[in-house]
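Take a look at the structure below.
The values are calculated or read from the model by the stated rules, or taken from the named source; none is laboratory data. The model shown is predicted, which means the values in this text are computed figures rather than measured ones. Using ideal geometry, Cβ is built from the backbone for each residue, glycine included, and neighbour counts are taken over all protein chains shown. SASA here: full protein model, heavy atoms, side chains in, ligands and nucleic acids out. Shrake-Rupley method; radii C 1.70, N 1.55, O 1.52, S 1.80 Å.
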Amino acid sequence: MNQNPGPSLRAVIDSTIRAAPWSREYALFTPRALSILWLMDDLTGRWRELNRASWDERVGIHLNGSFYDVEGFRERRDSLKDFEKAEVGDVTGRRLVHLQCHFGLDTLSWAARGAQVTGLDFSAPGIEAASDLAAALGIDARFVASDVYDAVSALGGQTFDIVYTGFGALNWLPDLTRWAAVVTELLAPGGFLYLAEFHPFSFVLDDETGRTVTHDYFDEGPHISGGPGTYADETAVTENDMTIEWDHMLSSVVSAIAGAGLRIEFLHEHDHTFYLQRRSLVRHPREIYRHPAGASRYPLTYSIRAGKP
C-alpha cells in the first residue's frame, strides 16, 4: 500500500533544475544534481533489497496488530472482499496461486472456499508466518519464498487455473510487462488472472478533501517513501523505512495484461476502499470506506479478470 507517496526521483531532479542559477541545459551538471542522479541510480538498483527489508520487519507488526485481525481470522477464515468472491466465482478444486501473498490471509481464505492454494512472496518471514498459520488452522496450503519475477522457476513450472493478486501489490513492481509475462506462463490454458487493486487516480488527490489534484498521475515513479511505522500501525517503531514504489497508471496495467496475450473479460471500478485511503472518506460497517454522502465520487479500487486462451 502506498498511503503517503513520497516525492518521485524525477520530481526531485526537476526541482533541482528549476532552482539552478543558469540554464536548464547545464543544470544537470551541478554537483547537487549529479549527486541526486547518483542517488537515483543507487536506490533504483536496490529496490528489491530495500523493499524486502521493510516487509520482513513489518510481518510481526502486522501479525500482532488490529489491522489484519489475525485472531478474528482464525474464527471466520475469510479476509476477501465481497466483490472479489463474486467476480472470481466458485473455486472448489481449482488450483490457485496468490502472488505477493504477504503472510497469507487471502491465500488461506481461498483455501477455505475450496481452492488448492499456493502462496508466493519475497519475504521469508512472511512465508514462514503463513505456513505456521496454515498449520495452526489445519488448512492445506503451500507457501513459497520467491521474488514474483522468479515465480515460474520457484514453482517448478507448475501451472494454475487462477492467478490471484490482491490489494497493494503492483506498486512494489517496477516492470509490469515482465510481471504479466510471468502471470501468463503460470496460467494453464483456460485459466484466468484476477487482480484487485487500489485505483491509481485516488492517489493523485489531496489527503484532507480528496478534491484537489496534488500529484502527477502520469509520473509512475520510482517514488521514494520513508518514515517509521506502517499503514497497519503508524506508531510502530521500525528501522527499515526506505522503500521504492511505482504508481502504475491504469492504462499501463491493462496494456501489460493484454500485451502478454491474455483476454480481458472485464475491468470494474469501485467507489469504495478498505482502509482510510484519504482522510476525507467516511467509514462504514465491515471496514469499508466511502465518499461522504452527496460528494462527487471517483474510483477508489478496481478489479480485472483476464483469461488465457
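Pick from Asp132, Asp147: which is touching a residue at least 40 places away in the same chain (Cβ under 8 Å), acidic (Asp, Glu) and at negative phi?
Asp147
Only residues that are closer than 18 Å to Ser54 by Cβ, open to solvent by less than 20 Å² (accessible area, probe 1.4 Å) and of a type in the set (Ser, Thr, Tyr): list them for region 228-274, please.
The answer is Thr230, Thr238, Thr243.
Regarding Arg94, is this residue charged (D, E, K, R), more than 30 Å from Ala53 (Cβ to Cβ), touching a residue at least 40 places away in the same chain (Cβ under 8 Å) and out of contact with any strand residue (DSSP E or B) (no Cβ under 6 Å at 6 or more places or on another chain)?
Answer is no for this residue.
I need the full set of residues from region 174-192 which are touching a strand residue (DSSP E or B) at 6+ places or on another chain (Cβ under 9 Å) and within 27 Å of Leu276 (Cα to Cα), in order please. Give the steps one after another, and end with the answer.
First, the residues of region 174-192 that are touching a strand residue (DSSP E or B) at 6+ places or on another chain (Cβ under 9 Å): 174, 179-180, 182-184, 186-188, 190-192.
The answer is Pro174, and nothing else.
Considering region 283-309 alone, what residues qualify as being surrounded by fewer than 18 Cβ atoms within 10 Å (Cβ to Cβ), under 22 Å from Val88 (Cβ atoms) and not β-branched (Val, Ile, Thr)?
Of everything in region 283-309, those that are surrounded by fewer than 18 Cβ atoms within 10 Å (Cβ to Cβ), under 22 Å from Val88 (Cβ atoms) and not β-branched (Val, Ile, Thr) turn out to be Arg286, Glu287, Pro299, Gly307, Pro309.
Do we have any residue at all in region 226-239 that's more than 28 Å from Arg178 (Cα to Cα), part of a loop (DSSP other than H, G, I, E, B) and charged (D, E, K, R)?
Yes, that holds for at least one residue.
Can you find even one residue in region 215-222 that is at positive phi, part of a loop (DSSP other than H, G, I, E, B) and buried (at least 17 other Cβ atoms within 10 Å of the Cβ)?
Yes, region 215-222 has at least one match.
Hey, does region 194-203 have a residue that's exposed (fewer than 15 other Cβ atoms within 10 Å of the Cβ) and more than 22 Å from His98 (Cα to Cα)?
Among the residues of region 194-203, not one is exposed (fewer than 15 other Cβ atoms within 10 Å of the Cβ) and more than 22 Å from His98 (Cα to Cα), which makes the answer no.
Quick one: Glu234 ticks every box in (1) without any contact (Cβ under 8 Å) to a residue 12 or more places away in the chain; (2) over 24 Å from Gly166 (Cβ atoms) bar one, so which box is it?
Failed condition: (2).
If Ser280 satisfies all but one of (1) within 27 Å of Thr212 (Cα to Cα); (2) in contact (Cβ under 8 Å) with a residue 60 or more places away in the chain; (3) open to solvent by 30 Å² or more (accessible area, probe 1.4 Å); (4) more than 19 Å from the chain's Cα centre (by Cα), what's the number of the condition it fails?
The failed condition is (3).
Determine, yes or no, whether Gly210 is open to solvent by less than 20 Å² (accessible area, probe 1.4 Å), touching a residue at least 40 places away in the same chain (Cβ under 8 Å) and in a loop (DSSP other than H, G, I, E, B).
yes
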